[in-house]
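Colleague: Below you'll find the structure I mean.
The values are calculated or read from the model by the stated rules, or taken from the named source; none is laboratory data. Note that the coordinates shown come from a computational prediction; the quantities given were computed from them, not determined experimentally. Reconstructed Cβ throughout: ideal geometry from the backbone, glycine too, with neighbour counts over all protein chains shown.
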Amino acid sequence: MFLNNLRLFNFKNHAEVNLAFDTPVNCIVGKNGSGKTNVLDAIHYLSFSKSSLNPSDVQNIKHQESGFFLRGNFTVNGKPKEVECTIQTAGKKVLREDGQDYARFSEHVGKYPVVLIAPQDIELIWDGAELRRRFVDTILSQIDRVFLEHLIVYTHQLKQRNSLLKNFSDSGQVDVQLLETYNARLIESGEYIFKSRQKFCLDFAGRVTQHYRYLAAEEAAGINYKSDLLEAGFSQLLKNSVQRDLALQRTTTGIHRDDFVFTLNGYEIRRVGSQGQQKSFLIALKLAEFEVIKAKLNVKPILLLDDIFDKLDDNRIHRLITLVAAGTFGQLFITDARPDRTLTILTEAGIKARIFTIESGTFTSTWLQT
Ligand SMILES: Nc1ncnc2c1ncn2[C@@H]1O[C@H](COP(=O)(O)OP(=O)(O)O)[C@@H](O)[C@H]1O
Ligand SMILES: [Mg+2]
């Protein structure tokens with residue numbers, strides 16, 4: 001997949017920017033706060049119809065303006081494709097492909113895959129299970145449409161069941177039969193999600209192990225899938241937890257409680273990993289994501305590398321850049337506040353690139369030829 005042109009209008013700090021990309025490796029350089037990450041986020045928007053940073057669409061509109069507009073012209077499997085996204089303070093989000101509005105955003109998922117490696121990835125290790133579930137679910141949703149449908153159904157039905165439990169508690173009356181029908185709706189989707197996550201994790205963990213070895217050392221990086229459903233069938237679990245669910249007025253068992261435990265030599269990396277090991281783990285995770293999406297969709301995702309040179313030591317940078325030089329990735333976008341560093345790294349690796357420099361809101365591009 002290749003992004004040929006990108007247009008940003010009133011998106012975050014950018015009033016109007018039109019960029020043309022004609023080469024796989026693109027660097028965006030400029031001082032802190034100049035809007036480098038925002039350009040990557042615009043590409044993220046066109047892929048996921050949302051920001052990687054700010055979950056509120058309207059907060060991505062340039063201050064004092066009433067809406068933003070993004071357009072990307074891609075080449076996918078040799079065909080030109082245009083994706084547009086418009087957000088207005090007063091109005092709905094509109095996502096369009098080749099001039100046609102999507103009725104449901106879920107139809108867009110997986111069509112323009114992007115993999116982002118960014119400073120905030122560390123939250124995947126440090127935060128609660130929800131972020132890790134979202135990470136896995138986002139990959140699965142892109143490669144398996146049925147999974148995405150089940151996830152939408154499950155999320156909706158879980159909310160419904162929880163309000164039912166609350167109603168029971170408010171009214172002091174429990175309708176066991178009604179609860180059974182709610183359970184039935186959860187079970188089918190829950191079982192599908194469980195099986196998908198379990199199968200995915202087995203394959204994915206192996207890839208993470210390999211990438212970690214390549215990037216860092218002969219240590220065993222892994223992922224353990226944790227789920228209530230590993231202990232019993234979902235229907236049995238729901239039966240067993242009726243009293244607790246009624247008492248707590250929420251569904252206390254199910255795949256919404258799953259976790260993916262990141263490990264190093266069998267121990268939780270959050271507890272035993274050094275900063276360097278954790279960073280290597282995160283990059284291994286993202287390289288595995290890239291690989292899985294590429295294999296399943298038969299398209300190389302666009303790779304967004306936000307400020308990663310800041311976070312890695314020379315050896316790991318060298319490893320990663322070796323992959324870039326070998327043409328492992330398709331198109332990639334690298335940001336760096338220190339142009340000299342990026343230029344040196346790329347020049348030494350013999351990588352041809354285009355450099356976009358942001359200065360006082362204006363972009364200029366130069367060609368780095370080695
Ligand atoms: N909605 C918005 N309107 C205007 N400016 C914004 C908005 N959101 C973020 N910004 C500005 O964008 C800048 C940060 O851009 P960013 O892409 O993160 O910079 P960097 O080049 O360091 O990656 C900040 O100056 C911030 O104030
Ligand atoms: Mg930044």
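Colleague: Give region 263-276 a look and list any residue that's touching a helix residue (DSSP H, G or I) at 6+ places or on another chain (Cβ under 7 Å) and either closer than 12 Å to Tyr212 by Cα or of a type in the set (Lys, Arg) (or both), or say none.
Modeller: If the condition is that a residue be touching a helix residue (DSSP H, G or I) at 6+ places or on another chain (Cβ under 7 Å) and either closer than 12 Å to Tyr212 by Cα or of a type in the set (Lys, Arg) (or both), then Thr263, Leu264, Arg270 are the ones that fit.
Colleague: Could you please let me know if Phe194 is over 30 Å from Ser49 (Cβ atoms) and of a type in the set (Phe, Trp, Tyr)?
Modeller: When the stated conditions are applied, Phe194 does not pass them.
Colleague: Another one. Give Ala20, Ala15 a once-over and let me know the one that is more than 8 Å from ligand 1 (Cβ to nearest atom), over 22 Å from Trp367 (Cα atoms) and at pLDDT 95 or above.
Modeller: Ala15 is the lone residue from the list that is more than 8 Å from ligand 1 (Cβ to nearest atom), over 22 Å from Trp367 (Cα atoms) and at pLDDT 95 or above.
Colleague: Residue by residue through region 43-83, note down the ones that are touching a Gly at 6+ places or on another chain (Cβ under 8 Å) and within 16 Å of ligand 2 (Cβ to nearest atom).
Modeller: Hit for region 43-83 is Ile43, nothing else.
Colleague: Of the numbered conditions (1) in a strand (DSSP E or B); (2) within 16 Å of ligand 1 (Cβ to nearest atom), Val83 fails exactly one; give the number of that condition.
Modeller: Just one mismatch for Val83, condition (2).
Colleague: What pairs can you find where one residue is in region 37-54 and of a type in the set (D, E, K, R), the other is assigned to a helix (DSSP H, G or I) and within 9 Å of ligand 2 (Cβ to nearest atom), and their Cβ atoms are less than 7 Å apart, with a gap of 6+ or different chains?
Modeller: Cβ pairs passing all conditions: none.
Colleague: Which of (1) buried (at least 17 other Cβ atoms within 10 Å of the Cβ); (2) within 16 Å of ligand 2 (Cβ to nearest atom); (3) over 29 Å from Leu323 (Cβ atoms); (4) within 20 Å of the chain's Cα centre (by Cα) does Thr37 not meet, given it meets every other one?
Modeller: The number of the failed condition is (3).
Colleague: Would you say Asp310 is within 16 Å of ligand 2 (Cβ to nearest atom) and either over 30 Å from Leu179 (Cβ atoms) or touching a strand residue (DSSP E or B) at 6+ places or on another chain (Cβ under 6 Å) (or both)?
Modeller: Yes: the conditions hold for Asp310.
Colleague: Can I ask one more? Glu218 is checked against (1) closer than 30 Å to Arg319 by Cβ; (2) at pLDDT 95 or above; (3) not in a strand (DSSP E or B) and fails just one. What number does that condition carry?
Modeller: The number of the failed condition is (2).
Colleague: Separate question: Determine, yes or no, whether Phe68 is under 17 Å from Ile293 (Cβ atoms) and not hydroxyl-bearing (Ser, Thr, Tyr).
Modeller: Details: under 17 Å from Ile293 (Cβ atoms): no; not hydroxyl-bearing (Ser, Thr, Tyr): yes.
No, not satisfied.
Colleague: Are any residues in region 252-278 touching a residue at least 60 places away in the same chain (Cβ under 8 Å) and under 14 Å from Gly222 (Cα atoms), and if so, which ones? Lay out the reasoning, then the answer.
Modeller: Quick first cut of region 252-278, residues touching a residue at least 60 places away in the same chain (Cβ under 8 Å) only: 254-260, 262, 269-270, 273, 276-278.
Residues satisfying the conditions are Asp259, Phe260, Phe262, Ile269, Arg270, Gly273, Gln277, Gln278.
Colleague: What is the one condition in (1) more than 30 Å from Ser171 (Cα to Cα); (2) of a type outside the set (Lys, Arg); (3) assigned to a helix (DSSP H, G or I) that His256 does not satisfy?
Modeller: (1)
Colleague: Given Phe200, Phe168, which one is assigned to a helix (DSSP H, G or I), more than 25 Å from Ile139 (Cβ to Cβ) and either of a type outside the set (Gly, Ala, Ser) or in contact (Cβ under 8 Å) with a residue 12 or more places away in the chain (or both)? Show your work before the answer.
Modeller: Working: Phe200 fails: more than 25 Å from Ile139 (Cβ to Cβ).
Unique residue meeting the criteria: Phe168.
Colleague: Check whether at least one residue in region 19-36 is in contact with a Gly (Cβ under 7 Å, 6 or more places away or on another chain) and either hydrophobic (A, V, I, L, M, F, W, C) or more than 18 Å from Gly330 (Cβ to Cβ) (or both), and report yes or no.
Modeller: Within region 19-36, one or more residues are in contact with a Gly (Cβ under 7 Å, 6 or more places away or on another chain) and either hydrophobic (A, V, I, L, M, F, W, C) or more than 18 Å from Gly330 (Cβ to Cβ) (or both).
Colleague: Can you tell me which residue among Ala247, Ala232 is at pLDDT 95 or above, surrounded by fewer than 18 Cβ atoms within 10 Å (Cβ to Cβ) and either assigned to a helix (DSSP H, G or I) or not small (Gly, Ala, Ser) (or both)?
Modeller: Criteria check complete, one pass: Ala247.
Colleague: Ok, one more. I need the full set of residues from region 38-60 which are closer than 23 Å to Asn4 by Cα, out of contact with any helix residue (DSSP H, G or I) (no Cβ under 9 Å at 6 or more places or on another chain) and within 9 Å of ligand 1 (Cβ to nearest atom), in order please.
Modeller: Those that are closer than 23 Å to Asn4 by Cα, out of contact with any helix residue (DSSP H, G or I) (no Cβ under 9 Å at 6 or more places or on another chain) and within 9 Å of ligand 1 (Cβ to nearest atom): Val39, Leu40.
Colleague: Still on this structure, I have one more. Going by what's in this entry, would Leu124 be described as surrounded by 20 or more Cβ atoms within 10 Å (Cβ to Cβ), at negative phi, of a type outside the set (Asp, Glu) and under 13 Å from the mean Cα position of the chain (by Cα)?
Modeller: no
Colleague: Another question about this same structure. Among the β-branched types (Val, Ile, Thr), under 21 Å from the mean Cα position of the chain (by Cα) and at negative phi: which single residue out of Val17, Val58, Val29 fits that description?
Modeller: Testing whether each residue is among the β-branched types (Val, Ile, Thr), under 21 Å from the mean Cα position of the chain (by Cα) and at negative phi leaves just Val58.
Colleague: Quick test of your reading of the structure: Leu131 fulfils all but one of (1) among the hydrophobic types (A, V, I, L, M, F, W, C); (2) in contact (Cβ under 8 Å) with a residue 40 or more places away in the chain; (3) closer than 27 Å to Ile223 by Cβ. Name the failing condition by number.
Modeller: Of the numbered conditions (1) among the hydrophobic types (A, V, I, L, M, F, W, C); (2) in contact (Cβ under 8 Å) with a residue 40 or more places away in the chain; (3) closer than 27 Å to Ile223 by Cβ, the odd one out for Leu131 is (2).
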